[in-house]
Structure formats: C-alpha cells, structure tokens
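Down below is the structure, laid out as structure tokens.
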C-alpha cells in the first residue's frame with residue numbers, strides 16, 4: 001500500500017565522531033520497512049544512514065524524532081508532516097557540531113530531508129539549534 005504521507009531523513013556524518021542512535025520515537029505514523037532506526041545503531045565517522053517514516057492512514061500525518069549520541073553530546077532530529085499544514089524539521093546539535101539541512105518538498109506528501117553533520121569550524125558560531133526556514 002502506498003503511504004499517504006512520508007518523511008525520509010538522510011544523515012551524512014561528516015565528523016570524526018561515531019554517532020549512536022540513543023533514542024527514537026514516532027508520535028504519529030510507522031517506520032518504513034527496511035528504513036527503521038534501531039536503538040544502539042552506530043554511524044561511523046564519515047558515513048551516512050537513511051531512515052524513513054510513513055503514514056498509511058487516510059487523514060493522518062507523520063511525526064517523530066531521533067536522538068544520536070556522541071562524545072560531544074546529543075544531536076536530535078525532529079520532524080512533522082501533518083495531513084494539512086506545513087512540514088517542519090529541526091536539528092538540535094551540541095556545541096562543536098553544526099548541521100546543514102536541505103529539504104526536498106517537491107512532492108509535499110513525500111518529503112526527503114538531507115542533513116549533513118559537521119564539526120564546527122570555529123568557536124562562537126551562531127546558535128547550535130538549526131531550524132528549517134519556511135519556503
């Protein structure tokens with residue numbers, strides 16, 4: 001069955017740190033087969049992972065979060081794709097890491113988000129929480 005709403009998150013770990021999935025939940029929807037994160041799953045440095053969530057229920061959106069731990073602290077990814085309304089995505093990263101986010105919303109019911117996690121280039125960069133700006 002084709003999902004009514006889906007969010008695919010592609011995370012590029014462009015750091016020299018190992019990231020570990022330390023928390024995950026869907027507030028609405030289900031994890032897509034073969035793209036579900038697992039507690040304790042590790043992302044080695046300079047690697048990538050893809051996770052996906054979907055809603056198979058008419059009139060329901062999808063929303064959830066992933067928390068990744070590293071020696072610097074936690075990076076949290078939050079998303080919400082309601083049945084009606086605007087897609088929202090937020091990354092909160094610890095000091096010393098920064099996130100670049102690009103969302104492909106050309107298909108508003110099937111959003112793909114690319115997140116590149118980098119080590120901060122210099123001290124004093126603006127806030128460590130990055131939020132996707134409305135388009």
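So here's what we get for this one:
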item: The range 2-58 pair-distance distribution - Cα-Cα, 10 Å bins, rounded %; result: 23, 48, 23, 6, 0
item: Fewest-first sequence of 4, 74 by Cβ atoms within 10 Å of each Cβ; result: 74, 4
item: Potential lengthening between residue 14 and residue 56 on full extension [0.36 nm per residue; Cα-Cα distance subtracted]; result: 11.8 nm
item: Order of 38, 8 - criterion: other Cβ atoms within 10 Å of each residue's Cβ, fewest first; result: 38, 8
item: Taking the chain and dividing mean pair separation by its residue count, relative contact order in percent (alpha carbons under 8 Å, at least six apart); result: 28
item: For Rg/Rh (Cα atoms, Kirkwood Rh), calculated from these coordinates, the label among (i) 0.97; (ii) 1.06; (iii) 1.58; result: (i)
item: Cβ-derived FRET efficiency at R0 22 Å, residue 118 paired with residue 90, nearest 0.05; result: 0.80
item: Potential extension, residue 45-residue 22 segment - 0.36 nm per residue separation minus Cα distance; result: 6.6 nm
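Every number here is computed from the coordinates shown, using simple stated rules; none is lab data. If you're wondering where the values come from, they're calculated on a predicted model, not measured in any experiment. Methodologically, a virtual Cβ is constructed for each residue, glycine included, from the backbone with ideal geometry; neighbour enumeration extends over all protein chains shown.
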